[in-house]
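Undergrad: Sharing a structure with you now.
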Amino acid sequence: MQKLFFLAILSALTFQLSAQDFTKKEDSDPKAKEALEKMRKKYEAFKTLEAEFSLDIEVPTQPVMKQKGKLVQQGNQYRLNLGDRTMVSDGKSVWLYLQKNNEVQINDVDDEPEAGSISSPKDLLKAYEWNDYIYALTNEFSENGKLVQQIEFKPTLRDAEYSKIRVTLDKKTSDILSIKSFGKDGSRYTLTVDKLTPNKQVNASTFTFSKSECPSCHFEDLRM
C-alpha cells in the first residue's frame, strides 16, 4: 500500500527509449546516473525539506483530477498531506489518516523492505540504484528560462503496473521540477513541484499523528 501510495503521488516516482530490450540496471545511461547522483547528494544534504506540489491524475474517459499537496521531511521522518489523506512517520511507525473514513491506520515501518519498495519519500532519491529500473537521459531543452533535463525510467519487470516514469530536473540547480508516471492502463500521474523550502525549522510533533488531531477517528493499531 505504501509503495503504491507514493508512486501515485511522486511518480508520480518518456520519450521512447531505444527499442532494444533493456533488462538490467547496467543498461542504464551514465549521463542520466550523473545527473541523478547530483540531485540525490543535494537533497540528502538538506537537514529538512518542505515541498508544496500539484498532482494531476488522468484516467481514461474521466475528467482530470487536480490536487494540491505538501511534504515535510527530516531524515526518515515525514508528513505528507494530499487531498483527504495524510501519511505521517516518525521513522518507527506510520500513521495513515483517511479523512473520508474517519479512520487512522497505524503500522510499523518495515525494517527490511522489499528490494525496490518505496516506504518513504527519501527512498525515491535512490530509485536509480535499484535493479527494478533502467533509465536514460532522453532530452535537454530550455523551458521558462531554465535548461532542463528529462530522465526516463522503465521497469525491468514486464508485469509492472506502469510502463515508464519521467523525471524532469533543472540542470543548473539539480532541483526536481516534475515527475510523471505512465500506467499501462492509460492512467497518468503528473507531480509538479511548486515550491521547495530546505532547512526550515520543524517541530518534532510534526512527525507523529496524535488523537487530538482527530478526536472522533477510529484508530486501528496494526503494529506488531
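Undergrad: If you scan segment 158-210, which residues turn out to be touching a Phe, Trp or Tyr at 6+ places or on another chain (Cβ under 7 Å) and either polar (S, T, N, Q) or loosely packed, with under 15 Cβ neighbours inside 10 Å (or both)?
TA: S163, S181, K184, T192, D194, P198, N199
Undergrad: Report whether or not E26 is modelled with pLDDT of 50 or more and farther than 23 Å from K171 by Cα.
TA: yes
So that you can scan it fast, the table gives a plain yes or no per residue for (1) part of a strand (DSSP E or B); (2) in contact with a Leu (Cβ under 7 Å, 6 or more places away or on another chain); (3) of a type in the set (S, T, N, Q):
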{"site": "L157", "(1), (2), (3)": "no, no, no"}
{"site": "V167", "(1), (2), (3)": "yes, no, no"}
{"site": "T173", "(1), (2), (3)": "no, no, yes"}
{"site": "K195", "(1), (2), (3)": "yes, no, no"}
{"site": "K200", "(1), (2), (3)": "no, no, no"}
{"site": "T206", "(1), (2), (3)": "no, no, yes"}
{"site": "F219", "(1), (2), (3)": "yes, no, no"}
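Undergrad: Sticking with this one: For segment 175-193, name all the residues that are charged (D, E, K, R) and either outside any loop (DSSP other than H, G, I, E, B) or more than 27 Å from N144 (Cβ to Cβ) (or both).
TA: Hits for segment 175-193 are K180, K184, D185, R188.
Undergrad: Also, quick follow-up: Any residue at all in segment 31-51 that's closer than 28 Å to V94 by Cβ, touching a Lys or Arg at 6+ places or on another chain (Cβ under 6 Å) and modelled with pLDDT of 50 or more?
TA: Within segment 31-51 (the criterion being closer than 28 Å to V94 by Cβ, touching a Lys or Arg at 6+ places or on another chain (Cβ under 6 Å) and modelled with pLDDT of 50 or more), the answer is yes, since at least one residue qualifies.
Undergrad: Starting from segment 73-90, take each residue that is charged (D, E, K, R) and list its partners that are assigned to a strand (DSSP E or B) and surrounded by 18 or more Cβ atoms within 10 Å (Cβ to Cβ), counting only C-beta distances under 6 angstrom and pairs at least six apart or across chains.
TA: Cβ pairs passing all conditions: R79/V72; R79/V88; D90/Q77.
Undergrad: Moving on to the next point. Please find, among E44, E52, E58, the residue that is farther than 17 Å from K180 by Cα and among the acidic types (D, E).
TA: Exactly one residue qualifies, and that residue is E44.
Undergrad: Quick check on T197: is it within 30 Å of V59 (Cβ to Cβ), touching a strand residue (DSSP E or B) at 6+ places or on another chain (Cβ under 6 Å) and among the β-branched types (V, I, T)?
TA: no
Undergrad: Any idea which residue in segment 116-147 is modelled with the lowest pLDDT, counting only those that are assigned to a strand (DSSP E or B), farther than 19 Å from P30 by Cβ and touching a strand residue (DSSP E or B) at 6+ places or on another chain (Cβ under 7 Å)?
TA: Checking each candidate, the answer is K146.
The values are calculated or read from the model by the stated rules, or taken from the named source; none is laboratory data. Just so it is clear, the model here is predicted, and its values are computed rather than measured. Note: ideal-geometry Cβ built from the backbone for every residue, glycine included; neighbour counts use all protein chains shown.
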